[in-house]
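See below for the structure under consideration.
The values are calculated or read from the model by the stated rules, or taken from the named source; none is laboratory data. Please read all numbers here as calculations on a predicted model, not as lab measurements. Every residue, glycine among them, receives a Cβ derived from its backbone with ideal geometry; neighbour counts consider all protein chains shown.
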Amino acid sequence: MNSKERVLAAFEHQEPDRIPLWYGASDALTNHLMRDTQASDEESLMRRLHIDFRRVRERYIGPDLGSKTYWGIERGGAHYGQPLTHPLAGVETVEEVEAYAGWPSPDWFDFSHLRKECEQWRDYAIIGGPWVVVFTDATELVGMSEFFMKMHTHPEVMHAVMNKVSDFYYQLAIRFFESAGDLIDIFFFGDDMGTQQSMIISLPHWREYCRPHISRFLHLGRQAGLKTMFHSCGAVRKMIPDLVELGLDALNPIQVRAKGMELSGLKAEFGARMAFHGGFDHQQVLPFGTEAEVRSEVHRVIDIMAPGGGYCLAPSHDLMLDEFPVENVIAMYDEACNYGRYTNA
């Protein structure tokens, strides 16, 4: 099988020739891996690590933002950083939401390069689409504490914020799919809903505020003829039955040390109806384990998740960080490629 066939077979709950592999990392770690593997460029590194996916993204071409995001939010801190300002803090009415001058425009993004990028990766499973973090962006615009309180005191206003964010991403997704939807295989979008112990938001409020938007984008992805994959870190087991009901194809990244996210339970309860993408412990084994422990964990994860298809191996966070030992990362991918072969292939 080539990579595209391998991934799509796994998403159809069929057993391909081997477990598909996904890569996501910081630029610094990617550079370290390129140096240690003597890869001449990032594409050579992907091939060295047996990666079956390729990802294409829109490009920002809008006005200079300075230190702000395109939502008008100041951010600071390591890695992703944290929101330092909340432009809609104190908002009281739907009219104020509509009048906010900082709403971004889909015209600020360029999609003209997508087809060329997709064409060079015909044999790989191509992931695309805007990130669609509706809940996260809405809470950052208002401030999370205030947003949660106003879900009770000003629900119509918080719904209006969510709708404005959702509408922006919807138009962005339409332009993305119109540009290259016929060359993409998987619409990958996400919104972090979990902590280490539980969901950030109660399940009833998630169903009221978040589920309709997830459903909206799943429907859009299916209209474009794509498989769908949703990202959320943390303990999100409570919402998985809803995602299955909505017809989601795959969930990422399966944070295995979060409460309720044990692989054996997820596979037993949902594995026949949803594919899982991730699940290799990035909190302890990958950053702190020995190479032997990494290889042993690869065996454990594959033994649980591989039967019947429906599994792609990746770290349990979508972005490996700079401090991860490169020898452990290489060991994870090499062992998964070798051990993850199906006996019927």
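Residues that are small (Gly, Ala, Ser) and within 22 Å of Asp249 (Cβ to Cβ) within the range 180-215 comprise Ala180, Gly181, Gly190, Gly194, Ser215, listed in sequence order.
Looking only at the range 66-89, filter to residues that are among the small types (Gly, Ala, Ser) and on the phi < 0 side of the Ramachandran plot; which one of those is surrounded by the most Cβ atoms within 10 Å (Cβ to Cβ)?
Here is the first cut: in the range 66-89, the ones among the small types (Gly, Ala, Ser) are 66-67, 72, 76-78, 81, 89.
Now drop any that are not on the phi < 0 side of the Ramachandran plot, which leaves 67, 76, 78, 89.
On the way: Ser67: 10, Gly76: 10, Ala78: 8, Ala89: 12.
Result: Ala89.
Every condition in (1) surrounded by 12 or more Cβ atoms within 10 Å (Cβ to Cβ); (2) in contact (Cβ under 8 Å) with a residue 60 or more places away in the chain holds for Glu92 except the one numbered (1).
Taking the options Asp182, Asp167, name whichever one is within 27 Å of Ala125 (Cβ to Cβ), modelled with pLDDT of 95 or more, acidic (Asp, Glu) and outside any loop (DSSP other than H, G, I, E, B).
Working: Asp167 fails: within 27 Å of Ala125 (Cβ to Cβ).
Going through Asp182, Asp167 in turn, the sole match is Asp182.
Looking only at residues that are of a type in the set (Asp, Glu) and surrounded by 14 or more Cβ atoms within 10 Å (Cβ to Cβ) in the range 294-321, which one is nearest to Gly234 (Cα to Cα)? Selected residue: Asp318.
The residues in the range 71-98 that are in a loop (DSSP other than H, G, I, E, B) and modelled with pLDDT under 95 can be counted, and the count is 5.
Of the residues making up the range 272-293, those that are assigned to a helix (DSSP H, G or I) and surrounded by fewer than 23 Cβ atoms within 10 Å (Cβ to Cβ) are Pro287, Phe288, Glu291, Ala292, Glu293. The residue pairs whose first member lies in the range 27-48 and is within 12 Å of Val326 (Cα to Cα), whose second member is at pLDDT 95 or above and among the basic types (Lys, Arg), and whose beta carbons are closer than 8 Å, counting only pairs six or more residues apart or on different chains, are Thr37/Arg48. When Ala306, Ala250 are checked against the criterion of being more than 23 Å from Thr343 (Cα to Cα) and modelled with pLDDT of 95 or more, Ala250 stands alone in meeting it. Among the residues of the range 295-335, which ones are within 28 Å of Thr195 (Cβ to Cβ), within 23 Å of the chain's Cα centre (by Cα) and assigned to a helix (DSSP H, G or I)? Once the filter is applied, which keeps residues that are within 28 Å of Thr195 (Cβ to Cβ), within 23 Å of the chain's Cα centre (by Cα) and assigned to a helix (DSSP H, G or I), the range 295-335 yields Glu297, Val298, Val301, Ile302, Ile304, Met305, Asn328, Val329, Met332.
This table checks each residue for (1) under 19 Å from Leu321 (Cβ atoms); (2) in contact with a helix residue (DSSP H, G or I) (Cβ under 7 Å, 6 or more places away or on another chain); (3) free of Cβ contacts under 8 Å to residues at least 12 places away in the same chain.
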position	(1), (2), (3)
Ala250	no, yes, no
Val256	yes, yes, no
Gly260	no, yes, no
Ala292	no, no, yes
His299	no, yes, no
Gly309	no, yes, no
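Scanning the range 101-137 for residues that are β-branched (Val, Ile, Thr), crowded, with 19+ Cβ neighbours inside 10 Å and either in contact with a Leu (Cβ under 6 Å, 6 or more places away or on another chain) or in a loop (DSSP other than H, G, I, E, B) (or both) returns a single hit, Val132. Only one entry in Arg211, Arg222, Arg207 is at pLDDT 95 or above, within 17 Å of the chain's Cα centre (by Cα), charged (D, E, K, R) and more than 21 Å from Trp71 (Cα to Cα), namely Arg211.
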